[in-house]
Amino acid sequence: MTEVNTTEHHTPGPWMIGDESKKENPLMVYCDDSLGSRVADCSTSGHGLTLAQDRANARLIAAAPDLLKAARELFAALGAPSNHMHIEDARFAVLAAIKKAEGR
């Protein structure tokens, strides 16, 4: 089985979308550092996407580190010798990442 590269070259997660209750832009994706650094700006005003699409894109981008982590866990669990706990843990990680990407 091919090895998975675990070296991170992206901004460390978790990432989250702006919180409107804190006067943050809900179309911005921020990382969880002491500065609240921006990872992505998903506002596409005037570029043909709807506000709903911009918000969905922000959620999907914010979930990217979680999705990558869950995919790595699932890959490791599937490659492990018959360990049902690893597979169950990986299933929950994948489901949580999917829910985050979908805004649930």
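Bear in mind that the values in this text are calculations on the coordinates, not laboratory data. Computed from a predicted model, the values in this text were never measured in an experiment. For neighbour counting, all protein chains shown are included, and Cβ atoms are generated from backbone atoms with ideal geometry for every residue, glycine included.
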- Query: Do we have Asp33 as of a type outside the set (S, T, N, Q) and touching a Leu at 6+ places or on another chain (Cβ under 8 Å) here?
  - Reply: no
- Task: Determine whether the stretch 72-80 contains at least one residue that is closer than 17 Å to Ala101 by Cβ, out of contact with any helix residue (DSSP H, G or I) (no Cβ under 6 Å at 6 or more places or on another chain) and touching a residue at least 12 places away in the same chain (Cβ under 8 Å).
- Result: yes
